[in-house]
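Laboratory data are not the source of any read-out in this text; all were calculated from the coordinates shown. Quick caveat, the model's predicted, so the values are computed rather than measured. All Cβ positions, even for glycine, are placed from backbone atoms using ideal geometry, and neighbour counts span all protein chains on display.
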Amino acid sequence: MSKLLYIQASPRGERSSSSDVANSYIEAFKAASNDNTVTTINVWDANLPEFDGERLNAKYSFLHGQNPSDEEAAAWQEIVSLADQFKAADCYLYSVPMWNFSIPYKLKHYIDVITQPGLTFGFDPETGFFGLVTGKPVTAIYSRGGEYNNPEAKGMDFQKPYLEMSLGFIGFRDINSVIIEPTLADPDTVGVAINTAKEQAAKLGANV
Ligand SMILES: Cc1cc2nc3c(=O)[nH]c(=O)nc-3n(C[C@H](O)[C@H](O)[C@H](O)COP(=O)(O)O)c2cc1C
């Protein structure tokens, strides 16, 4: 039995290419074992807490090794719940459209909420930061209107490198990716890109 947490970052519902390909992963994951379960968080529907005021003050208290005030501790509880929900999974799937060369701001909001000292990362004065979400596989499915696998455009891709860096920061080492591009091309080209990505996603989902 394996618990998959699916973080969906497109607001486009059934029109979303990244969600479409993620569904191939999920179908294969469910087919691999009747006991496998999927929890989905669409970051656009998640009603994420603002990360300001006492919540932000609590983060700095932890970073400075101080105890949070009662107000800070109360505000921090919602962050703890979301981080606990995140950490409860055995494996992870992200579907991520490229927005202005990076990730959609609601996914950044989710990352800002769950990436927290004492919850998903720690700090050792001698060795520095270390991740607390370890030993678990993650797959990220990236969709982009253009093409970034060439020397001219590679440096403009802040989507995949950013997500992989932020996952690595909280402890992930087994990071798989599926790229769908260019989704704004002619229908035949898009069809081939999506079918190829679905095959890759299904293979990964069947072998988590
Ligand atoms: C707000 C916004 C910004 C976008 N920015 C980019 C971009 O910088 N580069 C790119 O190649 N495509 C860009 N696109 C196109 C999407 O990445 C592309 O349509 C993708 O397939 C959307 O995935 P989805 O269907 O899963 O939502 C953008 C789309 C939107 C809505």
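Structural remarks
- For the chain, the membrane-span-like helix rule (DSSP H, alpha carbon extent of at least 18 Å along the helix axis, mean Kyte-Doolittle at least -1.0) picks out 17-32, 70-87, 187-206; this says nothing about an actual membrane.
- Under DSSP loop assignment and at most 12 Cβ neighbours within 10 Å, longest GluC sites (Glu not before Pro)-free interval of the chain: 127-208
- Gyration tensor verdict on the range 122-208 (Cα atoms; rounded if a/c is under 1.5, prolate if a/b is larger than b/c, oblate otherwise): oblate
- Placing pseudo-labels 7 Å out from each Cα toward the beta carbon at Ala31 and Glu71 gives an inter-label distance of 5.5 nm.
- Computed [θ] at 222 nm, helices only, for the chain once each DSSP H run of length n ≥ 4 contributes -39500 (n - 2.57): -13500 deg cm²/dmol
- Taking a straight line from the alpha carbon of Lys106, these aspartates and glutamates sit under 13 Å away, with near neighbours fewer than eight places off in the same chain left out: Asp45, Glu50.
- Each of Gly171, Val208, Pro117 was scored by the projection of its Cα onto the charge dipole of the chain, and the greatest displacement toward the positive side belongs to Val208; charges sit on the C-beta of Lys, Arg, Asp and Glu.
- Sites Arg173 and Tyr105, calculated FRET efficiency, Cβ-Cβ separation with R0 22 Å, nearest 0.05: 0.25
- Taking other residues whose beta carbon is less than 13 angstrom from the beta carbon of Ala88, and scoring Lys, Arg as +1 and Asp, Glu as -1, yields +1.
- Of the two radii for the range 3-206, the radius of gyration is 1.00 times the Kirkwood radius, both from the alpha carbons; that is the Rg over Rh value.
- Rounded to 5, the percent of DSSP beta bridges in the chain classed as antiparallel: 15 percent
- Note on the range 61-208: with charges restricted to the Cβ of Lys and Arg (+1) and Asp and Glu (-1), its dipole about the Cα centre is near 360 debye.
- Taking the DSSP bridge list for the range 65-146 and keeping only pairs wholly inside it, about 40 percent are antiparallel.
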